[in-house]
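The values are calculated or read from the model by the stated rules, or taken from the named source; none is laboratory data. Because the structure is a prediction, the values reported are computed rather than measured. Reconstructed Cβ throughout: ideal geometry from the backbone, glycine too, with neighbour counts over all protein chains shown. To get the accessible areas, we keep the full protein, side chains included, count just its heavy atoms, and leave off ligands, DNA and RNA. Shrake-Rupley method; radii C 1.70, N 1.55, O 1.52, S 1.80 Å.
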Amino acid sequence: QDEETQHSLECIQANQIFPRKQLIREDENLQVPFIELHGESTEYVGRAEDAIIALSNYRLHIKFKESVVNVPLQLIESVECRDIFQLHLTCKDCKVIRCQFSTFEQCQDWLKRLNNAIRPPSKIEDLFSFAYHAWCMEVYASEKEQHGDLCRPGEHVTSRFKNEVERMGFDMNNAWRISNINEKYKLCGSYPQEIIVPAWITDKELESVASFRSWKRIPAVVYRHQNNGAVISRCGQPEVSWWGWRNADDEHLVQSVAKACASDSRSNSNKLMNGNCSRDFSNGGDLSDVEFDSSISNASGAESLAIQPQKLLILDARSYAAAVANRAKGGGCECPEYYPNCEVVFMGMANIHSIRKSFQSLRLLCTQMPDPGNWLSALESTKWLQHLSMLLKSALLVVHAVDRDQRPVLVHCSDGWDRTPQIVALAKLLLDPYYRTTEGFQVLVETEWLDFGHKFADRCGHGENSDDLNERCPVFLQWLDCVHQLQRQFPCSFEFNEAFLVKLVQHTYSCLFGTFLCNNAKERGEKHTQERTCSVWSLLRAANKAFKNLLYSSQSESVLYPVCHVRNLMLWSAVYLPCSSPSTPAEDTCAPYPVPGSSPEDQPLGRLPKTRSFDNLTTACDSSVPTTNRRSSDPSLNEKWQEHRRSLELSSLGNTGDDPFDGDGLSKQGGRAPLGAELSVAAGVAEGQMENILQEATKDDVGLEEHSRGSLEIVGKGDEVALDKEKRTDNLHGHVSEL
């Protein structure tokens, strides 16, 4: 009875706090052209030129004759009127939407409606994620099913700190300890409540260090190499200022990180050095391309390193000039004289203002009529790929220090919540295969981006009264772009596919889920977002086959060493180009609710990004047959894969033998295995995976034709909540709707 009373109160709250709004039709014959989500109410339906336009409290929906625009309101950055009759909508993910009206008055009416709808909320409850969750409670309450457990992330996310400490093998007896100095966020509002520090550092010393670091963001250990014990830590800049202040406790803490690595009992099992790959940049110079290439080569020096304590690498994401300029605002950088046995490297990464300007240039380029003759030079002028290259280089330098040199690393920028999580999270992704699984990637995002206070509300523009455009910047999107570049270079190393990343980009801004609300964990706790909204990981869960990479092999490289030069990077067309949204998965594979009476194994395999597939993989591998390649951005089949395929074909010519496959789809050709079978064996495809690839390659590209007409499917079907429970009711299927 108490549970029923609780559900009744929640239902009352849903109806009273988030009431449905009355629909206004410009034409009485018009109907809402989409299925509404729980808590969604359409406010306006009207006619544009050759289209029906609808506006709800969650989305803008424009239905043209041959295409559909379906975009969450919080994904829209600005709306303006152009050419008197045309609305021009700019989206935060680089897309641009244009809608033509018949009259100037109608265009102005919709301009006012949209500007009111996309305005930053005056209070956080105005975001749709709260209404959606509250109305879902009513539906699940009527079916006597607890909604609270349905849209929560898994235990691997909720217990991530404890699990990670155990998984990485920290020696909590002699080297490290967990400090609760930030319990209830009393020390630092943008840090997690539990942090790892050297065992002999007291909380009193940490308080002293906090007074010397920007925003009290003290050096905290976030990763340990399981083989050699080297760690990665992160912090804010030291507040040196023009006066040249120093802090003895801060200097002691930084040196203690290196000493704790040496005393880690598990790190003593491996003392073989791979050579010192870094050079002395502590004179204040930035790291050039030539110096970077030489710094990651295997230089001699193992003998001296075996005797001397390991030098801690302090990686400052800024340029030396920017770090010195920050002294005028009370910041600065570490002076090598005060931090013995430490080495300072300045990476020269751009700040959020330069990144925002670069992204705006990229968006302008991607929405203009392409000029084939000048496209590459125009793309280069945006500097977007150059910024990605610098970020990858910075992460790779951390990887070399930790993995090859067995050196501890301390990473910071100015405040430690933009460039710092980019570098640290990317380095951890390269170092540890666990973070390249679906569950591990979720833990990585929650830890480095959410727990350590990346300001999603300010950077994405969906915070309370977040009108300051200077605070907006696609920092997280830039990092996801780097992850996509890694997927292209290592197609077998990631459990999730490109569609997973595309969907994560969309829901970073959509505010359908509450995962990326607020600026830090303290604010999310005060607003009770975890209890009042759904988690995006309930959609992007490991069990959702729509987001599985069929080429994934758990036996792939342990540590990834990507090529970072600009010429090896590619524009993420699935996100930035207007007609590339087919990389979102097919509608039926996004459905959060299994078909009644079926098991998850019975569900259809999730589609790879919707690109042109070979009709027959066997004949497609025959060099005598003209081939139609997938587009270059497809993470499952890139240029390196194609070059490897051609080399395998040449080496296999003239070889004969028995067919190692007896299954369908591979037949004997002249007494030897077909070329597709040889390719699968030579390329080392995991056992049983070739069959899945063949099935995927021979499937019809359902829905490719309508996508090729240029429909802008910003958000696919079935994104309400991807729920993990097996038992679902029939009426819930009615809400698997197009977002």
(request) Taking the Cα centre of region 17-119 as origin, sum charge times position over the Cβ atoms of Lys and Arg (+1) and Asp and Glu (-1), and report the length of that vector in debye to the nearest 20. (result) 280
(request) Positive end of the charge dipole of region 17-119 (Lys, Arg +1 and Asp, Glu -1 on Cβ, about the Cα centre): tell me which of 39, 97, 52 has its Cα farthest that way. (result) 39
(request) Quick one: accessible surface of residue 492, probe radius 1.4 Å, all protein chains present, in square angstrom to the nearest 10. (result) 40
(request) Could I have the simple spin-label model distance between residue 354 and residue 183, label points 7 Å from Cα toward Cβ, reported in nm to one decimal? (result) 4.3
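In Å², what does the accessible area per residue of region 327-392 work out to with a 1.4 Å probe? Don't jump to the answer; show the numbers that get you there.
Working: 3190 Å² over 66 residues.
I get 48 Å² per residue for region 327-392.
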(request) With the full set of protein chains in place, find how many percent of the accessible area of region 121-236 is carbon and sulfur; take the probe as 1.4 Å. (result) 48
(request) Kindly list the residues of region 398-433 that lie in the label zone of residue 558, defined by a backbone N under 11 Å from the point 7 Å along the Cα-to-C-beta vector. (result) 432-433
(request) Treat each spin label as a single point 7 Å out from the Cα along the C-beta direction, and report the residue 565 to residue 374 distance in nm. (result) 2.7
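At a 1.4 Å probe, what is the % contribution of carbon and sulfur to the accessible area of region 17-119? Don't skip to the end; give the middle numbers.
Details: 2090 of 4700 Å².
Carbon and sulfur: 44 percent of the exposed surface of region 17-119.
Apply 1/(1 + (r/R0)^6) to the Cβ-Cβ distance of residue 122 and residue 81, taking R0 = 30 Å, and write down the FRET efficiency to the nearest 0.05. Could you put the intermediate results ahead of the total?
On the way: r = 25 Å, r/R0 = 0.83.
After rounding, the FRET efficiency stands at 0.75.
Report the gain in length on full extension from residue 20 to residue 543: 0.36 nm times residue separation, minus Cα-Cα distance, nm rounded to one decimal.
Working: separation 523, 0.36 × 523 = 188.28 nm, distance 3.37 nm.
Stretched out fully, the residue 20 to residue 543 stretch lengthens by 184.9 nm.
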(message) With just the Cα atoms defining each centre, how far is region 342-377 from region 462-538? Give it in Å.
(response) 21
(message) Can you tally the net charge around residue 125? Count Lys and Arg as +1, Asp and Glu as -1, for every other residue whose Cβ sits under 11 Å from the Cβ of residue 125.
(response) +1
(request) Using a 1.4 angstrom probe, figure out how much accessible area region 482-532 has per residue, in square angstrom, rounded to the nearest whole. (result) 21
(message) Tell me the per residue accessible area of region 17-119 using a 1.4 Å probe; a whole number in Å² is fine.
(response) 46
